[in-house]
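The values are calculated or read from the model by the stated rules, or taken from the named source; none is laboratory data. Predicted, not measured: the structure shown is a model, and the values here were computed from it. We place every Cβ from the backbone using ideal geometry, glycine too, and count neighbours over all the protein chains shown. Note: accessible area is taken over every heavy atom of the protein model, side chains too, but ligands, DNA and RNA are not part of it. Shrake-Rupley method; radii C 1.70, N 1.55, O 1.52, S 1.80 Å.
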Amino acid sequence: MLAMVVDKPGKPLRKVEIPPARPGPGQLSIRIHACAVCRTDLHIVDGELTQPKLPLIPGHEVVGTVVELGNGISRCKLGDRVGVPWLGWTCGTCSFCQNGQENLCDDAKFTGYTLDGGYAEYMVADERYCFPIPDAYSDAEAAPLLCAGLIGYRSLVKAGDGKRLGIYGFGAAAHIVAQVAKYQQREIYAFTRPGDEQAQRFARSLGAAWVGGSDEMPPHKLDAAILFAPAGELVPQAMRAVGKGGIVVCGGIHMSDIPSFPYSILWQERTVTSVANLTRRDGKEFMALAPQVPIHAEVTTYPLEAANEALQQLRSGNISGAAVLTTSYCRHRKKMI
Ligand SMILES: [Zn+2]
Ligand SMILES: [Zn+2]
């Protein structure tokens, strides 16, 4: 199979022809149709996340078809269309797993980081962590739901029920969260890089009540803000933008250092928190919600071999919505709902 491989962080991915992995007990072999490109992939490729398996096939927003079953498979059958997310395996026995916080499992394994992922034509995955894909979605459009959507949804839940919601960084996750937030009748305040007119137009097209630069203050105090931009200096900025009791959620896996800030912007019971990984429950809830909203993922597709180009476009902030790598098995390159 064709795969795009990280040999060493800081280097471009290398195109290789290798035999597909065979499924072990409890695993599915999946023929990959589409895999979305996440900012986390960039953090891995650029060496900001320091514990990848190497060499590594990245990618954790994978849509494909089950083509082989390992021993002991009970839920999936050949031909099922499934999605493979970031959470690839958990121990089931640590205190976090026992308490419904498998996203914090001490020994968790992650697709496209500590397990090989979806920048390839085939992969294996533990069936217990795969999700069925709603029929309404094409392969390419479903792929970003698996991380941008899921982590965005978890961030939104963490942000509480407040009506006025700020979103910093208007990329793949933000554009999905904005649709869910609108569905929940919230007002969206979109903060982009100062002067980024393309992102601001995009935010407006998704119904944002207010759009501005991340260096600006919104016209009203916000109830909550979610940060998808990996820029630590935005944390105090967001804390200033939320009112008393406000919640600031950091939705990314990596962020530059947060500068020191005066206690007054945390005082009055403001909360700063982060979102780590996902649970299978998040996945079930979100995949049921997506067709109801209905969420439309804006996607730009690239052939698998062009993974380096897609990563570069994401790095330079040139993508509206989500970048998705497609293989020759991808059934609908464009969105169809
Ligand atoms: Zn991701
Ligand atoms: Zn565990």
Check: Given the options Ile57, Ile176, Ile18, which has the most mean-square fluctuation in a GNM of the chain, springs set between C-alpha atoms less than 10 angstrom apart?
Finding: Ile18
Notebook entry, point to check: Accessible area per residue of the chain at 1.4 Å probe, in Å²?
Noted result: 43 Å²
Item checked: Heavy-atom SASA rank of Met217, Met255, Met123 (probe 1.4 Å, accessible area, largest first) -> Met217, Met255, Met123
Margin query: List the residues, sorted by chain then number, that are 5 or more residues from Leu222 or on another chain and whose placed amide H is less than 5 Å from its amide H.
Written below: Val242, Gly243
Next item on the list: Determine the share of the chain's accessible area contributed by carbon and sulfur atoms, expressed in whole percent, with a 1.4 angstrom probe.
Entry: 49 percent
Check: Quick one: of the DSSP bridges fully inside the chain, what percent are antiparallel, nearest 5?
Finding: 50 percent
Next item on the list: Wrap a convex hull around the Cα atoms of the chain, take a quarter of its surface area, and give that in square nanometres.
Entry: 16.1 nm²
Note to self: I'd like the trypsin sites (Lys or Arg not before Pro) in region 1-68 restricted to DSSP loop residues with at most 12 other Cβ atoms within 10 Å, sorted by number.
What the structure shows: none
Next item on the list: Place +1 on the Cβ of every Lys and Arg and -1 on the Cβ of every Asp and Glu in the chain, take the dipole about the Cα centre, and give the residue among Trp89, Phe170, Ala3 whose Cα lies farthest towards its positive end.
Entry: Phe170
Note to self: Springs between alpha-carbon pairs under 10 angstrom, Gaussian network model over the chain: which of Ala231, Ala125, Ala143 fluctuates most?
What the structure shows: Ala231
Next item on the list: Please report, in debye to the nearest 20, how large the charge dipole of the chain is about its Cα centre when each Lys and Arg carries +1 at its beta carbon and each Asp and Glu carries -1 there.
Entry: 500 debye
Margin query: Quick check: from the Cα gyration tensor, does region 239-337 come out rounded (a/c under 1.5), prolate or oblate?
Written below: prolate
Next item on the list: Please turn the phi angles of region 62-79 into ³J(HN,Hα) values with the Karplus equation 6.51 cos²θ - 1.76 cosθ + 1.60 (θ = phi - 60°), one per residue in order, whole Hz, x for glycine and proline.
Entry: 9, 10, x, 10, 6, 10, 7, 10, x, 5, x, 6, 10, 9, 9, 10, 4, x
Note to self: Just want the answer: with Cβ charges of +1 for Lys and Arg and -1 for Asp and Glu, which residue in Ala322, Gly283, Val272 is farthest toward the dipole's positive end in region 261-337?
What the structure shows: Gly283
Note to self: Below 8 Å between Cα atoms, with a sequence gap of 6+, how large is the relative contact order for the chain in percent?
What the structure shows: 20 percent
Notebook entry, point to check: Which of rounded, prolate, oblate describes region 1-118, given a ≥ b ≥ c as roots of the alpha-carbon gyration tensor eigenvalues and a/c under 1.5 marking rounded, otherwise prolate only if a/b is larger than b/c?
Noted result: oblate
Check: Sorted by accessible area with a 1.4 angstrom probe, largest first, how do Arg164, Arg204 fall?
Finding: Arg204, Arg164
